[in-house]
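K.L.:
Below is the structure I would like to discuss, written out as structure tokens.
The values are calculated or read from the model by the stated rules, or taken from the named source; none is laboratory data. Owing to the predicted nature of the structure, the values given are computational and were not obtained by experimental measurement. Neighbour counts run over all protein chains shown; Cβ positions are idealised from the backbone, glycine included.
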Amino acid sequence: MPQKSSTFSVARFPVTLAVTAAALLLLIPAARSETSPVVWMPPTPKDEARFDIKLGAQVAFTLTASTTLPGAVVHIAPVGGVLPLGATFNSSDGAVARASFRFRPTEAGDVKLRFAAASGSAGAAPSLTYRVHVAAETPQAVRYPVTSALSDAKVARWAVVKRRVVARAQPRASARAVTTLETMTSDDTQNLVLVLDSVQVSNNVTWYRVRLPILPNNSTGYVRAASLGTLYTVHTHLYVDRARLTATLMRDGKPIFKTSVGVGRSYWPTPRGEFYVRSKLTGFGDPTYGPIAFGTSARSAVLTDWPGGGFVGIHGTNEPEILPGRVSHGCVRMQNAAILKLARLMPVGTPLTVL
């Protein structure tokens, strides 16, 4: 018997929002018609069958219809040629016609489907009606805490300390106190911290893990986000290499500045580790520090009795002839022209890595 195939393109069919009772798909043949030689056959779902699926899932079934009239060809199609959005329909005509229907809904609600099987010479079988109930996806409960990294090698975030706050060992108020952060530094500049991670512990409570300007160096702690100001972003990162006596400023991972430097003597070493630039100072009366100095979170482990706690600075010098070398009490020195150029390129909050 000659056969032909056809494919229906998807057209929009409205999804009406309603609540329907769940029912099972009954894969049993419809009763044979007493008056029409065109009949539905297994595995065609029963008329008025209902399908319950979740949004994003797929419903699929096969339709089969046949005729006993010699020479007749049966064709199966959606009534009116209309399919819901997200559905595909393929059919093959013949004395035994077959069709496949697949539907992956794009929105929740109820969809009504109607299919017909007919032959021009043999008449038509009773049309079939199906209903699909599409349940909306239930949002999964958020499992706290949710931790997100805020700083990496290319991009970092910092914030000022809005009010005096205790930094704790864990993101909870009962955790051990690590230190207390003041709103001002020992240089009388606004205190700021490098923000490493965000830890959301409930729907409305967030803690930040921050780098701390304390001994031992490389210490971190957790503070409530509400105690800090707006997060600012920097794309720079300064690397000081104590072996090669160089300082290199990177922006978005690419070098934009490099100079030779002086670092601490062996008995007053520049500390190794991860730090950040806390402040920018100008207007010195003492030319020893050059025209500009940057205060960092790094601290000398041996000069703890120095004013302010022995914080390590990055500054110019009035003795450029001693550079490069191991010449300082722990600070990083560079020529005045270099520190002026660095000051144009490096904002406060920039991470500092001392190798």
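K.L.:
Do the conditions hold for Arg163, that is, is it surrounded by fewer than 18 Cβ atoms within 10 Å (Cβ to Cβ), of a type in the set (Lys, Arg) and assigned to a loop (DSSP other than H, G, I, E, B)?
P.N.:
Criteria met by Arg163.
K.L.:
Moving to a separate point now. Restricting to segment 118-142, give me the number of residues that are more than 26 Å from Arg98 (Cα to Cα) and part of a loop (DSSP other than H, G, I, E, B).
P.N.:
7
K.L.:
While we're looking at this one, here's another question. Tell me, please, whether a residue that is of a type in the set (S, T, N, Q) and either surrounded by 15 or more Cβ atoms within 10 Å (Cβ to Cβ) or without any contact (Cβ under 8 Å) to a residue 60 or more places away in the chain (or both) can be found in segment 302-311.
P.N.:
No: zero hits.
K.L.:
Can you say whether Ser198 is farther than 29 Å from Gly310 by Cβ and in contact with a Leu (Cβ under 6 Å, 6 or more places away or on another chain), as far as the supplied structure shows?
P.N.:
In short, yes.
K.L.:
While we're on this one: Can you find even one residue in segment 170-190 that is farther than 17 Å from Arg299 by Cβ and within 22 Å of the chain's Cα centre (by Cα)?
P.N.:
yes
K.L.:
Provide a single number: the residues in segment 65-105 that are polar (S, T, N, Q) and under 27 Å from Ala136 (Cα atoms).
P.N.:
Within segment 65-105, residues that are polar (S, T, N, Q) and under 27 Å from Ala136 (Cα atoms) number 2.
K.L.:
Another question, if that's okay. Here are the criteria: (1) out of contact with any Leu (no Cβ under 8 Å at 6 or more places or on another chain); (2) farther than 26 Å from Arg344 by Cα; (3) surrounded by fewer than 14 Cβ atoms within 10 Å (Cβ to Cβ). Tell me which single one Asp188 does not satisfy.
P.N.:
All conditions are met except number (2).
K.L.:
Name the residues in segment 103-117 that are part of a strand (DSSP E or B) and more than 17 Å from Gly81 (Cβ to Cβ), would you?
P.N.:
Result: Gly109, Asp110.
K.L.:
Only one of these conditions is not met by Val277: (1) within 28 Å of the chain's Cα centre (by Cα); (2) within 18 Å of Ala343 (Cβ to Cβ); (3) in a loop (DSSP other than H, G, I, E, B). Which number is it?
P.N.:
Condition not satisfied by Val277: (3).
K.L.:
So, of the residues in segment 277-308 that are within 15 Å of Pro213 (Cα to Cα) and among the charged types (D, E, K, R), which turns out to be modelled with the lowest pLDDT?
P.N.:
Out of the qualifying residues, it is Arg299.
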